[in-house]
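The values are calculated or read from the model by the stated rules, or taken from the named source; none is laboratory data. Remember, predicted model here, so these are calculated numbers, not experimental data. Cβ placement follows ideal geometry from the backbone for every residue including glycine, while neighbour counts extend to all protein chains displayed. Protein only, heavy atoms only, side chains kept; ligands, DNA and RNA dropped before computing areas. Shrake-Rupley method; radii C 1.70, N 1.55, O 1.52, S 1.80 Å.
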Amino acid sequence: MKVIFYMPFKKELEISGGKTVKKLAEELKFSLESNVVLKNGKMVTPDEMVNDEDTVEILSAISGG
Amino acid sequence: MRCRRCKEKAVIYLERHNAAFCENCFMHYYYNQVDKNIKKERMFKKGEKILIVVSGGKDSMALWDVLYKNGYDVTAMYINLGIGEYSDRSQEIVEDFANEKKLPLIIKNIKKEYGLEIHKLSKKLKRSPCSICGTIKRYLFNKVALDGGFTAVATGHNLDDEAATLLGNTLSWQEGYLARQAPVLPSTHPKLVKKVKPLFTLTERENLSYILFNEIKFIHEECPHAVGASSILYKEVLNRLEEESPGTKQRFLINFLEKGRKHFQDVKEKLDLKECKICGQVTTTEICSFCRLVEISKEL
């Protein structure tokens, strides 16, 4: 599956699917409290399965100020 | 996961509330939180004229949307701080939203109206751009609100902002700042307008989710001056704690407001407030810090 990070700069990864969003966050070491996860453009909960054909976007919610 | 209210498929999980929501029920939760904060903290009432400060970022855009949809009399103010393309893009987002929803908007441009340029002042005064930006914004929040007859200035400060500020002030035991931190900063002078933070119990993730569900355009990139800011580090540390122990951020802030803050009141400075000899705004010195920046800019 394709995983896209937008912050601090755009980065795309291709990794194997068949795991939950929670597992994906552990594997790629991103925080589910600091980010919103979209699967094929729709927001999903940590128990959602993500598979090889999916596109997952990780949007950072943290800002300065 | 299933939505706690309607049992449909959930799209967001809020671990600190042990609750998952579908999109519609998340909106219900979000509106209720904002409404509860406004009423419980006596921020303002329907019919009062409220000035909401918007940057084009997710938090202030969410606040603007939720307040106008809930029937509050809000006028937005955008301050163009002259931070290159970042300022131009964010102004465009704010203007598009106001035009689309037919909402009143005040635009201030610090270079065109006052001759202020943050990067030049920062260099000349050897102060961080964020500190100069803060001085300018605080001045304009109050001046525009006072001149326009607004009863409160609302900002998009969220739970993460407030918890990070509290952590920063605690780490260095800033007693004066700890004494003043609150979701409502009351007016302490006839020419000072009350400041309120209706989103202070909602996280940045919840505000971003609100924006995405409502398909509201916002500026996602960080202000170039905020990159590497200590507030971002504090937020990341707090979110690490939050993941290990859900509810940490809210407990830290709410327990401070209910139990801790009162212990700092006797160290709160008694400020000798007077009116600036140039502009008449409230200050503790003969000439306010904003007018001093304007004077310095004339020589740059």
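Would you check which residues across the stretch A:5-16 are within 13 Å of chain B (Cβ to nearest Cβ) and assigned to a strand (DSSP E or B) and list them?
Within the stretch A:5-16, the subset within 13 Å of chain B (Cβ to nearest Cβ) is A:5-10.
The one that is within 13 Å of chain B (Cβ to nearest Cβ) and assigned to a strand (DSSP E or B): A:5.
Tell me which residues, restricted to the stretch B:183-199, are under 21 Å from residue A:62 (Cα atoms) and away from chain A (no Cβ under 14 Å). Answer for the stretch B:183-199, where residues must be under 21 Å from residue A:62 (Cα atoms) and away from chain A (no Cβ under 14 Å): B:183, B:198. Looking across the stretch B:130-164, the residues that are crowded, with 19+ Cβ neighbours inside 10 Å, in a helix (DSSP H, G or I) and of a type in the set (Gly, Ala, Ser) come down to B:145, B:163, B:164.
Among the residues of the stretch B:243-260, the ones that are under 14 Å from residue B:162 (Cβ atoms) and in contact with a helix residue (DSSP H, G or I) (Cβ under 7 Å, 6 or more places away or on another chain) come to 6 in all. Scanning the stretch A:17-65 for residues that are under 21 Å from residue B:237 (Cα atoms), within 11 Å of another protein chain (Cβ to nearest Cβ) and among the β-branched types (Val, Ile, Thr) yields A:36, A:37, A:62.
Among all residues of the stretch B:2-12, there is at least one that is away from every other protein chain (no Cβ under 14 Å), in contact with a His (Cβ under 8 Å, 6 or more places away or on another chain) and of a type outside the set (Gly, Ala, Ser).
Any residue in the stretch B:179-200 that is buried (at least 22 other Cβ atoms within 10 Å of the Cβ), in contact (Cβ under 8 Å) with a residue 12 or more places away in the chain, in contact with a His (Cβ under 9 Å, 6 or more places away or on another chain) and among the charged types (D, E, K, R)? Yes, some residue in the stretch B:179-200 is buried (at least 22 other Cβ atoms within 10 Å of the Cβ), in contact (Cβ under 8 Å) with a residue 12 or more places away in the chain, in contact with a His (Cβ under 9 Å, 6 or more places away or on another chain) and among the charged types (D, E, K, R).
Is it the case, given these coordinates, that residue B:279 is in contact with a Phe, Trp or Tyr (Cβ under 9 Å, 6 or more places away or on another chain) and either farther than 25 Å from residue B:94 by Cβ or of a type in the set (D, E, K, R) (or both)? When the stated conditions are applied, residue B:279 passes them.
Residue pairs whose Cβ atoms lie under 9 Å apart, sitting 6 or more positions apart in sequence or on different chains, and linking a residue in the stretch A:1-24 that is at pLDDT 95 or above and surrounded by 15 or more Cβ atoms within 10 Å (Cβ to Cβ) to a partner that is of a type in the set (Asp, Glu) and part of a helix (DSSP H, G or I), are A:19/A:27.
Might you check whether a residue that is open to solvent by 40 Å² or more (accessible area, probe 1.4 Å), away from chain A (no Cβ under 14 Å) and more than 30 Å from residue B:100 (Cβ to Cβ) occurs anywhere in the stretch B:239-251? Yes: one or more hits. Criterion first (within 7 Å of chain A (Cβ to nearest Cβ) and out of contact with any strand residue (DSSP E or B) (no Cβ under 8 Å at 6 or more places or on another chain)) does residue B:255 satisfy it? The answer is no for residue B:255.
Among the residues of the stretch B:212-230, those identified as at the interface with another protein chain (Cβ under 8 Å from one of its Cβ atoms), open to solvent by less than 50 Å² (accessible area, probe 1.4 Å) and either assigned to a loop (DSSP other than H, G, I, E, B) or modelled with pLDDT under 80 (or both) are B:222, B:223, B:226, B:229.
Residue by residue through the stretch B:281-300, note down the ones that are surrounded by 13 or more Cβ atoms within 10 Å (Cβ to Cβ) and outside any helix (DSSP H, G or I).
B:281, B:282, B:283, B:287, B:288
At least 3 residues being open to solvent by 40 Å² or more (accessible area, probe 1.4 Å) and touching a helix residue (DSSP H, G or I) at 6+ places or on another chain (Cβ under 9 Å) is the threshold, and among the strands (runs of 3 or more DSSP E) wholly inside the stretch B:22-123 those reaching it are B:105-109.
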